[in-house]
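What follows is a short report on a single structure.
The values are calculated or read from the model by the stated rules, or taken from the named source; none is laboratory data. Computed from a predicted structure; not experimentally measured. All Cβ positions, glycine included, derive from the backbone under ideal geometry; neighbour counts span all protein chains shown. Just so you know, the surface numbers come from the protein's heavy atoms only, side chains and all, with ligands and any DNA or RNA stripped out. Shrake-Rupley method; radii C 1.70, N 1.55, O 1.52, S 1.80 Å.
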Amino acid sequence: MDNQNSTAKSVRCLHIGGTSSAPGWEVLNAITAPYVDHVGNANDLSRFNDQSFSQIYASHVVEHLDYTNELMMTLIEWRRTLIHGGKLHISVPDMDVLAQLFLDKEHLGVEDRFMVMRMMFGGHINSHDYHLVGLNQDFLSDYLRSAGYDNIERVQSFGLFNDTSEMEFRGVRISLNMVATNPHPTNSTY
C-alpha cells in the first residue's frame with residue numbers, strides 16, 4: 001500500500017453526540033439509533049487508539065459533564081484520540097448569552113425565560129439531558145488550555161452540521177462555538 005492510500009484510510013472524524021449520519025463522520029452517542037456507529041458515553045473513548053481522529057465534533061455535549069473532574073478528564077481523553085494537529089470543534093450553550101436573555105424581562109415573557117432556563121439546565125427529556133456545568137468563553141478556554149489544547153479560537157459557525165451549534169432563540173445565537181488544536185509533540189508535553 002502506498003503512502004497516499006495509507007493516509008487516506010487513517011483520516012477519521014468523530015461526531016460525539018451526533019443525531020444523524022454524515023459522510024466521513026462516525027457517530028458516538030449514548031443512545032442507540034440507526035445512525036450511531038459507536039454506543040457509549042462521551043467521557044470514555046477507550047475503544048479508540050491514540051491519534052485515531054483528525055477531527056472531533058461535539059455540539060452541546062460537555063455541559064452534561066461534571067465540572068469538578070469529568071469535564072477535564074474527558075477533554076484530555078478526546079485529545080488523546082486526536083492526531084497531532086487535529087481539531088476539536090466544540091459547542092456549548094453560552095452562559096453569558098443565556099444569562100442576558102434570562103434577565104431580559106422587558107422583552108421576554110415568563111414562557112420565554114422558562115425556555116432559557118431549560119437551555120441553562122437541560123431539557124430533562126431523558127436521563128442524559130441534564131446540564132452539570134455552565135460555560136462561557138473564559139471558562140471553556142481555560143478548560144481547553146488546561147487539557148493541553150492550543151490555537152483556541154471562537155468561531156461564529158463551524159459550517160459542518162446544522163444542529164444546536166447554529167441555534168437561535170428570539171434572533172439571538174445561544175451557542176459558544178470554539179475550535180482547538182491538539183498540538184504537535186514539540187509544542188506539548190503530551
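Placing +1 on the Cβ of every Lys and Arg and -1 on the Cβ of every Asp and Glu, with no other charges, gives segment 73-128 a dipole of roughly 380 debye about its Cα centre. 3J(HN,Hα) along segment 24-39: x, 10, 8, 9, 10, 8, 6, 10, 5, 7, x, 8, 7, 8, 9, 8 Hz, from the Karplus curve 6.51 cos²θ - 1.76 cosθ + 1.60 with θ = phi - 60°, whole Hz, x for Gly and Pro. Positive end of the dipole of the chain (Cβ unit charges, origin at the Cα centre): among Phe161, Ser54, Ser141, the Cα lying farthest that way belongs to Ser54.
Rounded to the nearest whole Å², what accessible area per residue is found for the chain with the 1.4 Å probe? Walk me through the intermediate numbers first.
Values: 10180 Å² over 190 residues.
Each residue of the chain exposes 54 Å² on average to a 1.4 Å probe.
Each residue of segment 61-67 was assigned a 3J(HN,Hα) from its phi angle through the Karplus expression (A = 6.51, B = -1.76, C = 1.60, θ = phi - 60°), giving 10, 5, 5, 8, 9, 5, 6 Hz with x at Gly and Pro.
What a 1.4 Å probe finds exposed on the chain is 51% carbon and sulfur by accessible area, rounded to a whole percent. Its alpha carbons considered, the chain gives a radius of gyration followed by a Dmax of 17.2, 65 Å.
Of the residues His107, His64, His89, the one that moves most in a GNM of the chain with alpha-carbon contacts below 10 Å is His107.
Out of the trypsin sites (Lys or Arg not before Pro) in segment 33-102, which ones are loop residues according to DSSP with at most 10 other C-beta atoms within 10 Å?
On the way: sites: Arg47, Arg79, Arg80, Lys87; in loops: Arg47.
Those that pass, being in a loop and sparsely packed, are Arg47.
Taking Cβ atoms as reference points and 15 Å as the exclusive limit, the residues near Val172 contribute a net charge of -4, counting Lys and Arg as +1 and Asp and Glu as -1.
Magnitude of the Cβ-charge dipole of the chain, K/R +1 and D/E -1, about the Cα centre, nearest 20 debye?
Values: 13 positive and 23 negative charges, 72 e Å.
Computed about the Cα centre, the dipole is about 340 debye.
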